[in-house]
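To keep things clear, I will list the structure first and then write my remarks on it.
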Amino acid sequence: MPHTFELTPLWQRTLGAHPTDGPRDQLRSAYLQFRATVEPLAAEISVSMPMFTDHSILHVDSLWDTASLICGDDFPLNPAEAFVLGGAFLLHDLGMGLAAFPGGQADIESDP
């Protein structure tokens, strides 16, 4: 069963399955692996910073919907550009959790 972001128009036309495009398949596979790596880090944000709004993988996935609305059907975005955009979606909030700080909360509190 596909993830909800895989049903968005932007994903479908840039990284979605296409029978004759090997490079697109490689980018799609790399994105899905990237996403799987990021998912537990994004989940940690709500544990270490419960006062924040949702920053889980569901938030990241919803950005494909937002981008689809903003870009519309005619915005020229190739699969490589969509991969970079998706990577930005995946990384944009990860610095908000304690997992981003090797020294934990003490590092944050000691930083002027």
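The values are calculated or read from the model by the stated rules, or taken from the named source; none is laboratory data. This one's a predicted model, so the numbers in the text were calculated from it and none came from an experiment. Cβ: placed from backbone, ideal geometry, glycine included. Neighbour counts: every protein chain shown. The area values use the complete protein model at the heavy-atom level, side chains included, leaving out ligands, DNA and RNA. Shrake-Rupley method; radii C 1.70, N 1.55, O 1.52, S 1.80 Å.
Numbers for the structure displayed
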{"quantity": "Residue in segment 30-79 that is farthest from residue 100 (Cα to Cα), counting only those that are small (Gly, Ala, Ser) and over 15 Å from the mean Cα position of the chain (by Cα)", "calculated": "72"}
{"quantity": "Whichever residue in segment 1-50 is of a type in the set (S, T, N, Q), out of contact with any Phe, Trp or Tyr (no Cβ under 9 Å at 6 or more places or on another chain) and open to solvent by 60 Å² or more (accessible area, probe 1.4 Å) and, among such residues, is modelled with the lowest pLDDT", "calculated": "20"}
{"quantity": "Positions within segment 51-68 being open to solvent by less than 80 Å² (accessible area, probe 1.4 Å), among the polar types (S, T, N, Q) and not in a helix (DSSP H, G or I), in sequence order", "calculated": "56"}
{"quantity": "Inter-residue pairs, beta-carbon under 8 Å, first more than 15 Å from residue 74 (Cα to Cα) and in segment 1-18, second open to solvent by less than 10 Å² (accessible area, probe 1.4 Å) and among the hydroxyl-bearing types (Ser, Thr, Tyr), 6+ apart", "calculated": "15/31"}
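Yes/no matrix, rows are residues, columns are (1) free of Cβ contacts under 8 Å to residues at least 40 places away in the same chain; (2) open to solvent by less than 70 Å² (accessible area, probe 1.4 Å):
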residue	(1), (2)
74	yes, no
86	no, yes
90	no, yes
93	no, yes
104	yes, yes
